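The values are calculated or read from the model by the stated rules, or taken from the named source; none is laboratory data. Source: prediction; values computed, not measured. Methodologically, a virtual Cβ is constructed for each residue, glycine included, from the backbone with ideal geometry; neighbour enumeration extends over all protein chains shown.
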Amino acid sequence: AQSVTQLDSQVPVFEEAPVELRCNYSSSVSVYLFWYVQYPNQGLQLLLKYLSGSTLVKGINGFEAEFNKSQTSFHLRKPSVHISDTAEYFCAVTRDNFNKFYFGSGTKLNVKP
Amino acid sequence: NAGVTQTPKFQVLKTGQSMTLQCAQDMNHEYMSWYRQDPGMGLRLIHYSVGAGITDQGEVPNGYNVSRSTTEDFPLRLLSAAPSQTSVYFCASSYALGGNIQYFGAGTRLSVL
């Protein structure tokens, strides 16, 4: 089975500062990687995904993530955060046979003014 | 564009009561799944289905039943609710092949007293 580790349960950051949310996965085969965002009292929305090709993936709201196969990581970054980015972020992985998702435990990003 | 619709949004049950959480999607997705979300544990897969008439267990299936009689609907049944089932439940759907985006409903917040 896959496993996904999000190393930080909470990340406090000041507005306009850069942020990196870390995600590592365990798999001996090719995987597809996703970042989802959950705003308070809402469902999950897709931020970005990596299927193949360029290891740097750009998503919505200025977020990007880099796939590093050798380190089995898929860290999420934003160069300058806004108050509105306050949310919980989930890393997820699937394999190519079918779409069974494995989610990390989530990272709460708290952007302070 | 309804997407994934979950009902009810909130529910309070007494221990031992039964109920069904409804999930419907209008995107003709083969794959549907149920997750529960608990603080610090991310999303854990309860049951999933890869098509009408086909269901399988996820990580935490005990105490829950599912069926998939149509492509559109995937209800989750709690046969005898327990306080440990207090959680937020999310339904999601996607195309079956790996790498496809999962679309989430808005969630059902369940409290079992």
message: crowded, with 19+ Cβ neighbours inside 10 Å and at pLDDT 95 or above: which single residue out of A:Phe67, A:Phe63 fits that description?
response: A:Phe63
message: Return the residues of the stretch B:1-45 that are of a type in the set (Gly, Ala, Ser) and either within 11 Å of another protein chain (Cβ to nearest Cβ) or in contact with a Gly (Cβ under 7 Å, 6 or more places away or on another chain) (or both); say none if nothing qualifies.
response: B:Gly3, B:Ser33, B:Gly40, B:Gly42
statement: Checked the stretch A:12-56 for anything touching a Gly at 6+ places or on another chain (Cβ under 7 Å) and at the interface with chain B (Cβ under 9 Å from one of its Cβ atoms); matches are A:Tyr32, A:Gly43, A:Leu51
field: Condition met for B:Tyr48 (within 25 Å of A:Cys91 (Cβ to Cβ), within 13 Å of chain A (Cβ to nearest Cβ), at pLDDT below 95 and in a strand (DSSP E or B))
entry: yes
Any chance B:Thr70 is in contact (Cβ under 8 Å) with a residue 40 or more places away in the chain and either assigned to a loop (DSSP other than H, G, I, E, B) or within 12 Å of the chain's Cα centre (by Cα) (or both): no
query: Right, B:Arg109: assigned to a strand (DSSP E or B) and either under 14 Å from the mean Cα position of the chain (by Cα) or at pLDDT 95 or above (or both) or not?
result: yes
- prompt: Out of (1) surrounded by 14 or more Cβ atoms within 10 Å (Cβ to Cβ); (2) at pLDDT below 95, the odd one out for B:Leu79 is which?
  reply: (1)
query: Out of (1) surrounded by fewer than 21 Cβ atoms within 10 Å (Cβ to Cβ); (2) more than 9 Å from every other protein chain (Cβ to nearest Cβ); (3) assigned to a strand (DSSP E or B), the odd one out for A:Leu76 is which?
result: (1)
Lone qualifier among A:Ala17, A:Ala1 - being of a type in the set (Gly, Ala, Ser) and modelled with pLDDT of 95 or more: A:Ala17
message: Quick check on B:Ser49: is it surrounded by 18 or more Cβ atoms within 10 Å (Cβ to Cβ), at negative phi and not acidic (Asp, Glu)?
response: yes
message: Restricting to the stretch A:79-113, name every residue that is more than 14 Å from chain B (Cβ to nearest Cβ), over 20 Å from A:Leu7 (Cα atoms) and among the hydrophobic types (A, V, I, L, M, F, W, C).
response: A:Ile83
- request: Scan the stretch A:1-29 residue by residue and report those that are loosely packed, with under 12 Cβ neighbours inside 10 Å, among the small types (Gly, Ala, Ser) and either within 11 Å of the chain's Cα centre (by Cα) or farther than 30 Å from B:Thr5 by Cα (or both).
  value: A:Ser28
- request: State the number of residues belonging to the stretch B:60-113 that are within 10 Å of chain A (Cβ to nearest Cβ) and out of contact with any Leu (no Cβ under 7 Å at 6 or more places or on another chain).
  value: 16
